[in-house]
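These notes concern the structure reproduced below.
The values are calculated or read from the model by the stated rules, or taken from the named source; none is laboratory data. Every value quoted in this text rests on a predicted model; they were computed, and no experiment measured them. Because the Cβ atoms are built from the backbone with ideal geometry, glycine has one as well, and the counts that use them run over all protein chains shown. Only protein heavy atoms, including side chains, enter the accessible area calculation; ligands, DNA and RNA are left aside. Shrake-Rupley method; radii C 1.70, N 1.55, O 1.52, S 1.80 Å.
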Amino acid sequence: VQLQASGGGLVQAGGSLRLSCAASGPLFSRYNMGWFRQAPGKEREYVAGISRSGGNTYHTDSVKGRFAISRDNAKNTVYLQMNNLKPEDTAVYYCAADRAGSGRGQWLYEYDYWGQGTQVTVSS
């Protein structure tokens, strides 16, 4: 599966963005999906995950209540709605696909396919 992330941009603190990740290839609904981010000089970190059906979602503590992951299997797309953005959310955001897990995966090695990343910049 190939993943294409989009929707990043420059936004002021308190603003919102919605990231999209479009998947090409068959059987998108067989993959758990995740969003990760990498800030300059830092390691890539887990942000959110969603199970194959979309019935289970997971968010890291720092984004709970502000970000929401969702998916539309008919459109082969996973989303990350980001509200009340903060300067510390500035990073390149990556989507990823996991063939075998439960949707809870928080580690990079658990994901088999990665998108190219989209830049999110939050100004104070």
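Cross-link reach is defined here as a Cα-Cα straight distance under 20 Å, omitting same-chain residues fewer than 8 places apart; for Lys75 the aspartates and glutamates meeting it are Asp98. Remark: the stretch 19-94 carries 46 Å² of accessible area per residue (probe radius 1.4 Å; ligands, DNA and RNA excluded). How many angstrom lie between the C-alpha centres of the stretch 66-86 and the stretch 98-124? After rounding, the separation between the Cα centres reads 13 Å.
Amide hydrogen proximity for Thr90: with H placed 1.01 Å from N in the peptide plane, the residues at 5 or more positions away or on another chain lying under 5 Å are Val122. A simple rule links phi to the HN-Hα coupling: the Karplus curve 6.51 cos²θ - 1.76 cosθ + 1.60 with θ = phi - 60°, which for the stretch 80-91 gives 9, 7, 10, 10, 6, 5, 10, x, 6, 7, 4, 4 Hz, with x for Gly and Pro. For the stretch 18-27, backbone phi angles converted through the Karplus equation (6.51, -1.76, 1.60; θ = phi - 60°) give residue-by-residue couplings of 10, 8, 10, 9, 8, 10, 10, x, x, 6 Hz, Gly and Pro being listed as x.
Tell me the GluC sites (Glu not before Pro) within the stretch 40-119 that lie in a loop according to DSSP and have at most 10 other beta-carbon atoms within 10 Å. Write down the numbers at each step before the final one.
Values: sites: Glu43, Glu45, Glu88, Glu110; in loops: Glu43.
Counting only loop positions with at most 10 other Cβ atoms within 10 Å, the GluC sites (Glu not before Pro) in the stretch 40-119 are Glu43.
Taking the alpha carbon gyration tensor of the stretch 24-124, multiplying each eigenvalue by 5 and rooting it gives semi-axes of 22, 14, 12 Å, largest first. Measure off, as a whole percent, the carbon and sulfur share of the 1.4 Å-probe accessible area of the stretch 72-124, all protein chains present. Carbon and sulfur together cover 47 percent of it.
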